[in-house]
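The values are calculated or read from the model by the stated rules, or taken from the named source; none is laboratory data. Note that the structure is a prediction, hence the values are computed from the model and not measured. Because the Cβ atoms are built from the backbone with ideal geometry, glycine has one as well, and the counts that use them run over all protein chains shown.
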Ligand SMILES: Cc1cc2nc3c(=O)[nH]c(=O)nc-3n(C[C@H](O)[C@H](O)[C@H](O)COP(=O)(O)OP(=O)(O)OC[C@H]3O[C@@H](n4cnc5c(N)ncnc54)[C@H](O)[C@@H]3O)c2cc1C
């Protein structure tokens with residue numbers, strides 16, 4: 001096929017699929033390309049929280065006792081490969097700087113308008129895709145075992161109120177009215193009511209991709225790394241032969257770094273790896289929403305396959321062998337709170353959060369390549385922010401008035417070669 005299309009979207013995770021669908025809904029002739037079927041990498045295995053009430057980014061601890069505990073490498077919330085440290089040291093230092101209290105407040109202020117669109121933009125695509133069966137409009141719970149951990153949230157809750165975020169502090173007894181199968185002793189929870197959750201993040205991503213095809217979009221298996229600049233646009237090699245378009249969107253999650261490097265762009269993107277494993281619920285126990293055990297650092301997620309335990313951060317090179325020690329640690333702690341039975345799969349799943357040190361994604365035009373756009377680096381919240389990103393980018397590609405200020409997300413916030 002030698003036709004020239006309007007847009008090539010590289011990467012069919014939540015970010016790429018949402019961008020392709022929004023561009024198609026605006027009448028553009030779009031080809032979506034992935035080396036796998038849609039929604040089979042990071043967008044498959046996450047916790048399924050659409051966190052419209054998100055305020056502060058996930059920060060690196062800065063006090064010495066907590067840092068020391070993490071350095072011992074026995075935590076559930078974090079794990080690291082010693083061998084990766086020389087390559088990620090600069091990124092870690094920048095992440096540490098961006099975890100200072102005043103920097104977190106700055107990030108919250110910048111990102112808030114974006115998160116505020118998350119639920120609405122997901123529900124819009126949910127309706128287009130007929131994906132209602134996956135959605136729960138029940139919020140999620142942050143569970144605090146220790147009273148001092150719960151009390152430490154008061155400042156954030158006060159700021160949340162200023163932003164109009166709907167969070168409610170609950171006692172254990174009030175929590176049990178919502179989730180009667182939680183057990184053990186804990187100080188209380190914060191019910192984050194400004195979130196939706198889903199029972200299959202991969203299912204939702206695939207449903208949006210199917211809607212894209214139903215609306216006349218084209219999905220093709222291909223290798224994004226073959227992308228080249230040609231007269232009048234960009235070309236990529238696919239299973240259907242070369243495909244060319246005037247504009248291209250790079251939405252390859254963690255793999256974006258290698259592709260943009262080919263075009264001379266440098267981006268501090270590191271993999272915050274994470275794992276999951278599903279377990280059968282014992283007896284008739286169930287959960288109605290995701291519950292994060294904040295003092296330990298994992299999430300209990302009711303999914304189609306069973307209760308998915310998702311882990312915190314593992315600092316490692318993206319393709320280093322899997323070391324799922326956090327899954328076993330999370331499982332041991334989770335049994336304090338919920339009756340978990342047998343694991344569903346033989347091995348845990350591993351994914352790679354595409355993380356920048358300032359916890360902001362990269363969204364916007366490539367400064368030196370007309371018609372090239374970036375949409376990656378959403379870290380902990382790419383499932384949440386995919387549809388809002390896709391909408392903003394589709395609007396930007398058409399040069400229409402933009403409701404979201406994209407300037408904080410430009411790639412040239414880091415020094416680029418001239
Ligand atoms: C354990 C865990 C829990 C999480 N929980 C949440 C949560 O509750 N809520 C939330 O919002 N976020 C969550 N996240 C983060 C979220 O999953 C990611 O931010 C998001 O999935 C990133 O989406 P993406 O589309 O950018 O990347 P991906 O989903 O990784 O998609 C990138 C795509 O690019 C394709 N690709 C790569 N290289 C090539 C190539 N050469 N050619 C063609 N295609 C290629 C891949 O096959 C893939 O389909 C979690 C992540 C993890 C690991």
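Can you tell me which of 273, 246 is on the phi < 0 side of the Ramachandran plot and either part of a loop (DSSP other than H, G, I, E, B) or more than 22 Å from the chain's Cα centre (by Cα) (or both)?
Answer to the check: 246.
Confirm whether residue 96 is away from the ligand (no atom under 16 Å from the Cβ) and in contact (Cβ under 8 Å) with a residue 60 or more places away in the chain.
Considered against the rule, which asks whether it is away from the ligand (no atom under 16 Å from the Cβ) and in contact (Cβ under 8 Å) with a residue 60 or more places away in the chain, residue 96 comes out as no.
Looking only at the range 111-125, decide whether some residue is touching a residue at least 60 places away in the same chain (Cβ under 8 Å), surrounded by fewer than 15 Cβ atoms within 10 Å (Cβ to Cβ) and under 30 Å from residue 322 (Cα atoms).
Checked the range 111-125: no residue is touching a residue at least 60 places away in the same chain (Cβ under 8 Å), surrounded by fewer than 15 Cβ atoms within 10 Å (Cβ to Cβ) and under 30 Å from residue 322 (Cα atoms).
Provide a single number: the residues in the range 343-358 that are surrounded by fewer than 19 Cβ atoms within 10 Å (Cβ to Cβ), in a strand (DSSP E or B) and within 15 Å of the ligand (Cβ to nearest atom).
Going through the range 343-358 one residue at a time, the tally reaches 1.
Would you confirm, using the coordinates I've provided, whether residue 309 is under 21 Å from the mean Cα position of the chain (by Cα) and over 17 Å from residue 333 (Cα atoms)?
no
Within the range 12-27, count every residue that is within 15 Å of the ligand (Cβ to nearest atom), out of contact with any helix residue (DSSP H, G or I) (no Cβ under 7 Å at 6 or more places or on another chain) and over 14 Å from residue 218 (Cβ atoms).
Qualifying residue count for the region: 0.
Can you tell me which of 9, 49, 30 is surrounded by 24 or more Cβ atoms within 10 Å (Cβ to Cβ), within 9 Å of the ligand (Cβ to nearest atom) and at pLDDT 95 or above?
None of the others qualify; the one that does is 49.
Identify the single condition in (1) more than 24 Å from the chain's Cα centre (by Cα); (2) closer than 24 Å to residue 21 by Cβ; (3) surrounded by 22 or more Cβ atoms within 10 Å (Cβ to Cβ) that residue 204 does not satisfy, given that it satisfies every other one.
(1)
With modelled with pLDDT of 95 or more, touching a helix residue (DSSP H, G or I) at 6+ places or on another chain (Cβ under 8 Å) and surrounded by fewer than 22 Cβ atoms within 10 Å (Cβ to Cβ) as the only criterion, which of 367, 361 stands out?
The match here is 367.
Go through the range 276-302 residue by residue and tally those that are part of a strand (DSSP E or B) and within 11 Å of the ligand (Cβ to nearest atom).
Qualifying residue count, the range 276-302: 6.
Conditions: (1) more than 14 Å from the chain's Cα centre (by Cα); (2) buried (at least 19 other Cβ atoms within 10 Å of the Cβ); (3) in a helix (DSSP H, G or I). Residue 332 meets all but one. Number of the miss?
Of everything listed in (1) more than 14 Å from the chain's Cα centre (by Cα); (2) buried (at least 19 other Cβ atoms within 10 Å of the Cβ); (3) in a helix (DSSP H, G or I), residue 332 misses just condition (2).
I'd like the residue in the range 359-400 that is farther than 30 Å from residue 302 by Cβ and in a helix (DSSP H, G or I) and, out of all such residues, is nearest to the ligand (Cβ to nearest atom).
This residue is 393.
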